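Below is one structure, written out as structure tokens; the observations come after it.
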């Protein structure tokens, strides 16, 4: 199994804001946003800036384009590292 890593450094933000971002990224993985092909993801946030809803719109078929299978992401581990 291959392994990919993404490191994000946020400067000048609180732990709470960092945790909000981590939770949002985790929810995007859980909702399958990064596996969408031939479609789009619509993200809705509440008044506090928290992710409230993810809507996926995927085209099931197009005459002029072959459908390529999306490679599902088997697992994602998202953690907050304190400096």
Taking into account only those residues within segment 43-83 that are surrounded by 10 or more Cβ atoms within 10 Å (Cβ to Cβ), in a loop (DSSP other than H, G, I, E, B) and over 13 Å from the mean Cα position of the chain (by Cα), which is modelled with the lowest pLDDT?
67
Return yes when residue 9 is touching a residue at least 12 places away in the same chain (Cβ under 8 Å) and either outside any helix (DSSP H, G or I) or farther than 22 Å from residue 74 by Cα (or both) and no when it is not.
no
Within 21 Å of residue 79 (Cβ to Cβ), surrounded by 15 or more Cβ atoms within 10 Å (Cβ to Cβ) and at pLDDT below 95: which single residue out of 34, 29 fits that description?
29
Restricting segment 1-22 to residues that are surrounded by 14 or more Cβ atoms within 10 Å (Cβ to Cβ) and within 14 Å of the chain's Cα centre (by Cα), the one farthest from residue 59 (Cα to Cα) turns out to be 20
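The values are calculated or read from the model by the stated rules, or taken from the named source; none is laboratory data. No experiment lies behind these values; they were computed from the predicted model shown. Cβ coordinates were reconstructed from backbone atoms using ideal geometry, including for glycine residues, and neighbour counts include every protein chain displayed.
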